[in-house]
Structure formats: structure tokens, C-alpha cells
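Beneath this line is the structure, given in C-alpha cells, with notes to follow.
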Amino acid sequence: MMAQKEQWASRVGLVLAMAGNAVGLGNFLRFPAQAARNGGGAFLIPYLVSLVIMGIPLMWVEWTMGRYGGTRGHHSAPGIFQSMSRSPFWRYFGVLGLLTCLGVSSYYLYIESWCMAYAGYSLIGGFRGMNDVSQVTTFFDQLTGTQPNQILAISVWGMLIFAACIALNMFVLSRGLAKGIELVAKIGMPLLIVFAAVLAVRGLLSDPETDPRVQYSPLVGLNFVWEPKFTSLANPAVWLAAAGQIFFTLSIGMGSIHCYASYLREKEDVALTGATTAWTNELCEVILGGTILLPIAVSYLGLQAVQDSVSGGSGFGLGFMVLPTLFNNWGAFAPVAGFMWFGLLFFAAITSSLAMGQPIMAFLQDEFNIPRPKAAVLLGLMILSLAVPVAVFHERSVNADLDYWAGTFFLVVFALGEAVLFGWVFGMDKGWAELMKGAEIKVPRIFYYLTKYVTPAFLAIILLAYIFQPAAGWDGYYNAWSNGEPLPAWQWSGDGMIGRLMHLDLQPPAEASPEQVRFLDQVKLIRNLDRLALVIIFVLFSVLVHRAWKKRQPLKQEVAA
Amino acid sequence: MIGFNLLLAFQDPPMKTSAWIFMLTVWAIVLIMTVLCFWKLMSKEHLMEKGLFEDDPENESDNPPGSA
């Protein structure tokens, strides 16, 4: 197969593109929500521990694997994994990397299009006068075409913006690494940081002494995030949430880091560059992400209201429904603030969605010699096949289901697989030597053992916790156990893998109307079809991998002869 | 104004001292690590020593396409 001659134009560009891949909506929405939901400051300690024992080692594993596969002509997970083992199992396991990238990008691009729409609407002053959350919710429902208990959610202009967003991503990808992805990262990442810093400073300037609309000092919000509550450290649920956040924030387990790293040369550093990416992500998450949403919301709404609104743990409602109303308290700056908030979310999203598209492009280019512009069109069509159902059905159906399977569960499975491949199949000694090749920092030897033993064990625990999730929550069991009370009876949670398979999160409440029951039945049907589509896509990608490697055999024999 | 808020924070604390210490410590760790990494990464010496992002024919010949 044809080796890619593409290279990153500069190291800053590479780091910004990698950081852009890692910095996503989760940094500004999910992180503060998870911190608020899991006891504020208590969350930060396991979060940082998880960063060191799981996040950074996995980051290095993915960078090292990517560079290793890239120097052997592979830029996507099937080829990269195959280059590290003789067993054909690993190239089919690598298909999961293509599937997650395709699945996640199909709904992630939809959210990205919402950010685009919200940013534009903010700038023209559309949210002015919307001081009630229900008014913004109406705007959102019009944008997505959502109606209560209706499975179809069609909005013409929402779909047009979505189509424009997909087209923009494909255009950037068709321009290649240096002129496309790297250029967007070089523009988007600094703007994102500036926007976030401006909003954080403006939020901290709110003062209840001088502004009657401000109910509390924003420092109350910061206090909530940062007050260390060491008693919560014994709660396994907090550790699980922290490890999950670290996992998702670094964009690990998707194949996108492998792909970007595969464009490095054999002796280029991955240790320092990988660490820089991880710390840049933490800067955007812990310092900037932790200083915008909660302090602003708490200063106007109070702590209790904010805690209630982030109980789901995503922060989406607070960021998309509540914040536009709160910006109206900032007078003439409100439209700019809204534009900056949704603009930074847009930049966070597009740098991540490009990273999800590139591995599939690389797969088509590497294995089938498809030129880049044609590969971009093919990728666009593939995304559309999933994006259309995402856009036309209620967000609780395809969107929510893809978010769980492709955007959560498969990532953990993929990461566990790659940790085993790197540490145990390829071999930790070889892997360590590969990591240290061209390294510009001396990686402490303890990471050798962390990567080999602790990281896979940690991932296995997270995976088991996702599969076997009780309705009472692990903290329910912990609290009962620590208080000497009888443990709650076991019931599957609708948020866990088994509960999801059984549609337990779609059980109608006792007082449900017939329309609601019918709606939930329709959602179940659409989710089943969506899961079938994921299986079919996995099989189709596997067939493509099979054909690509079949074509390679005569080529290898020729080389050997 | 931020200074005033900080001053207030210590007089009638909406933010406890332990929270300040914890926050500033974590911020310092994250900032120092990020700056150190970037400083090292962008150090002119390293860039010159490594001759990065220039053609490296030796590398390409070591790794023939599709040699997995």
C-alpha cells in the first residue's frame, strides 16, 4: 500500500491539533457538572490521581502505538494494531476505532451545529430579552424540531445548519493535515483559550454588593468546586466518576490520537509531546472549564439550583439553556459573551470532530489508495448515513443511544484492548523502548509498571462498573455499607450496559399517558434499529479490512521474492 | 474588582481558605506542567538539534510502505 507522505507542518501545530482533539465539549460542560455532582473538591483528588495513573500512561500508549504504526504505513487503528501483533484478531479489534469515530462524529457534529447556531444567534442579539429558561428551551426545540412525545424531530433550518457543519468538516479534512486540520487548530485553540479566559474573568467580576441581580459571590461556586472534602475519598462512586471523566476528557480509546501520532517520523519524540497535550487539556479543563459555568450560574441562581440542574452529570442544560439567560445580566456585553461561550464550544467541538474524521479518511487512503478529496466525500456520505437518523428522530433515540454505545461503552472496551495489546501482546519492554525512542524527557520508570499493571486493571474496573451498574448506584451501596444499613436489593440501572440493553431507562412512569407510552415504545424500536446499524457498520468495516489485507498478501510475497 | 473580591473572600469567606489553597495548588501544578512542557517543546536548541520536520530519507528507507 501507498505510504502517506503527509507530515505535520510544525510541532506547535501538532500539539494544538492533539490538544484540540482532547479539548471538547466535555471540558466546559461535563467536567464542572461531574465536579458538582460528585461532591465538588472531593472529586478533584481522584481526578488528578486518575490522570497520573491512567490518563497520561494511556496517552503515551496511544502516541507510541500511532507512531509505530505510522512508520509502517498505517494511520488508522486496524493497521496500527496489526503492525504490533501477528494475530489477525487485532486488526478486527481495531475496527472498533473506526466504528467509534464514525458513530461519535455523527451525533457530535449535530451538537457542533447547535453551537454554531447558538453562537450566531447570540451575536445578532437573539437571546436578548430571554430571561426565562423556557424561552431558550423553545428556541432549542425549534432548532432541533423536538416536540413532546413525538418520535420525529424535523427542523429544516436545523438540518441546513447541520449539513453546513458536516460540509465544513469535510472541506477542512479534504485540505489535509497542514493546510486543513493544523490550520483550524492554530486558529481555533488560541481563540478558545482567549474566549474562555475573558468569560472566566467577567464571571468573577460579578459582585452582589454592586449588582442587585447577582445573588451570591461567584466565589461561592468556586468554593463548591474546590473545597476538599476528604471523607468522599472513600466512596468508590466518586473514584469511578473521576476516572471516567479523565478517560473521556483526553479523547482516549477512539483511535484519533493513534492517527494523529502516526504522521510523526520514527525518531520524533512522543513522550514530551504526549505529556504536553495532556497538560494543555488539563489547563483548559481544570482552570478554564472549572471557572466559567459553575461560578457564573451560582452567582445568579444559587448553589442549590445549580446542583439540581447538573444532576444528570452532563452540564448540557446549564450550558445551552440556562447560561444564555444569565448572560443577559451583563448588559451590552451579553451578545458578545454568548458568542464567545458558544464560539469556544464550537472550536472545542470542531477540533475534536476533525480528529474523529481523520482516522476513517486515513483508512480509505492507506488501504484502498483513495485520494484525499474523494475520501472526504466518502466520509461525508458515511457520516450522513448515521447523521440523518440522528437529526430526524427525537434526541432520546439515536442521539442518546450512539452517545452511550459509541461515545462511552466502546471507548472503554477499545482502551482496555489497546492497553492489553501494548503491555502484554506487543510486550511492555518493547513498548517502553518504543516510547523512549527520540524521547525529549525522561519518563519515570514507575510508568512502566503503571502502564503494564495499573492502567489495564483500572480500565477493567471501569468496564465492569459500566456493565454491572445497580439502580441504587455504587454510592447507594457504599452509603448503606458505611452506615451499617442493609444493602439495597439488586436492580439493574438504566444507565448501565445491561440496563441499556433492556431499555430500562425507557420505562414509562406509573402515571404515563398513552401518548407517552407509545412514544417510549417508538424510541425503543429506533434504538434497536440503531444498534443493528452499528453491528452492520462493524461488519462492513471488517469486510473492508479483510479485503485490504487480502490485497496485501500478494504484495508482501512480491516484496519477499 | 477581583482584588476586592479576593479581599472579601478572606474577611467573610464565600470561599474557604482550604478551598483557596487546594485550588491554587492544583492550578499551579497544571500551569507549571503545561508551561514546562511547552517551554521544553519549543526550546530552540531542541528544534535545531533534532532538525525536526525536515526530510529524513533514512527514516523512509527504513520503513518501506506496507512493511507490517
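Among the candidates A:Trp474, A:Trp432, single out the residue that is open to solvent by 20 Å² or more (accessible area, probe 1.4 Å) and in contact with a Phe, Trp or Tyr (Cβ under 6 Å, 6 or more places away or on another chain).
After applying the criteria, what remains is A:Trp432.
Answer yes if at least one residue in the range A:502-524 is of a type in the set (Val, Ile, Thr) and either over 15 Å from A:Tyr466 (Cα atoms) or in a loop (DSSP other than H, G, I, E, B) (or both), and no otherwise.
yes
Quick check on this structure: which one of A:Gly417, A:Gly407, A:Gly473 is over 22 Å from the mean Cα position of the chain (by Cα) and of a type in the set (Gly, Ala, Ser)?
A:Gly473
Is it fair to say A:Gln215 is open to solvent by less than 10 Å² (accessible area, probe 1.4 Å) and of a type in the set (S, T, N, Q)?
So A:Gln215 does not fit the description; no.
Matching residues to (1) away from chain B (no Cβ under 14 Å); (2) in a helix (DSSP H, G or I); (3) surrounded by fewer than 24 Cβ atoms within 10 Å (Cβ to Cβ); (4) within 23 Å of the chain's Cα centre (by Cα):
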position	(1), (2), (3), (4)
A:Ile53	yes, yes, yes, yes
A:Phe81	no, yes, no, yes
A:Gly97	yes, yes, no, yes
A:Glu112	yes, yes, no, yes
A:Gly125	yes, no, yes, no
A:Gln135	yes, yes, yes, no
A:Leu143	yes, yes, yes, yes
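Give the number of residues within the range A:224-236 that are open to solvent by 20 Å² or more (accessible area, probe 1.4 Å) and in a helix (DSSP H, G or I).
Residues that pass the stated criteria total 7.
Any residue in the range A:262-283 that's more than 9 Å from every other protein chain (Cβ to nearest Cβ): show its pairings with residues that are of a type in the set (D, E, K, R) at Cβ separation under 7 Å, as long as the two are six or more apart or on different chains.
Taking only residues 6 or more apart or on different chains, the pairs are A:Ser262/A:Arg67; A:Tyr263/A:Glu6; A:Leu264/A:Arg67; A:Val270/A:Arg67; A:Ala271/A:Glu440.
Out of (1) under 16 Å from A:Phe414 (Cα atoms); (2) touching a Lys or Arg at 6+ places or on another chain (Cβ under 8 Å); (3) within 14 Å of chain B (Cβ to nearest Cβ), the odd one out for A:Phe248 is which?
For A:Phe248, the exception is condition (3).
Please pick out the residue among A:Val23, A:Val49 that is open to solvent by less than 30 Å² (accessible area, probe 1.4 Å), within 30 Å of A:Phe224 (Cα to Cα) and within 13 Å of another protein chain (Cβ to nearest Cβ).
Exactly one of A:Val23, A:Val49 is open to solvent by less than 30 Å² (accessible area, probe 1.4 Å), within 30 Å of A:Phe224 (Cα to Cα) and within 13 Å of another protein chain (Cβ to nearest Cβ), namely A:Val23.
Given the residues A:Leu411, A:Leu402, which is the only one that is surrounded by 20 or more Cβ atoms within 10 Å (Cβ to Cβ), among the hydrophobic types (A, V, I, L, M, F, W, C) and in contact with an Asp or Glu (Cβ under 7 Å, 6 or more places away or on another chain)?
Exactly one residue qualifies, and that residue is A:Leu402.
When you go through (1) over 23 Å from B:Trp27 (Cα atoms); (2) more than 26 Å from the chain's Cα centre (by Cα); (3) away from every other protein chain (no Cβ under 13 Å) one by one for A:Thr231, which number turns out not to apply?
(1)
Whether any residue in the range A:182-202 is facing another protein chain (nearest Cβ under 10 Å), out of contact with any Asp or Glu (no Cβ under 8 Å at 6 or more places or on another chain), open to solvent by 30 Å² or more (accessible area, probe 1.4 Å) and at pLDDT 90 or above is what I want to check.
For the range A:182-202, residues facing another protein chain (nearest Cβ under 10 Å), out of contact with any Asp or Glu (no Cβ under 8 Å at 6 or more places or on another chain), open to solvent by 30 Å² or more (accessible area, probe 1.4 Å) and at pLDDT 90 or above: present.
Is it the case, given these coordinates, that A:Leu177 is open to solvent by less than 10 Å² (accessible area, probe 1.4 Å), modelled with pLDDT under 95, under 24 Å from A:Ser113 (Cα atoms) and in a helix (DSSP H, G or I)?
When the stated conditions are applied, A:Leu177 passes them.
The values are calculated or read from the model by the stated rules, or taken from the named source; none is laboratory data. Everything numeric here is computed off the predicted structure, so don't read it as measured data. Neighbour counts are summed over all protein chains in view; Cβ atoms, including those assigned to glycine, are modelled from backbone coordinates with ideal geometry. Accessible surface areas use protein heavy atoms only, side chains included; no ligands, DNA or RNA. Shrake-Rupley method; radii C 1.70, N 1.55, O 1.52, S 1.80 Å.
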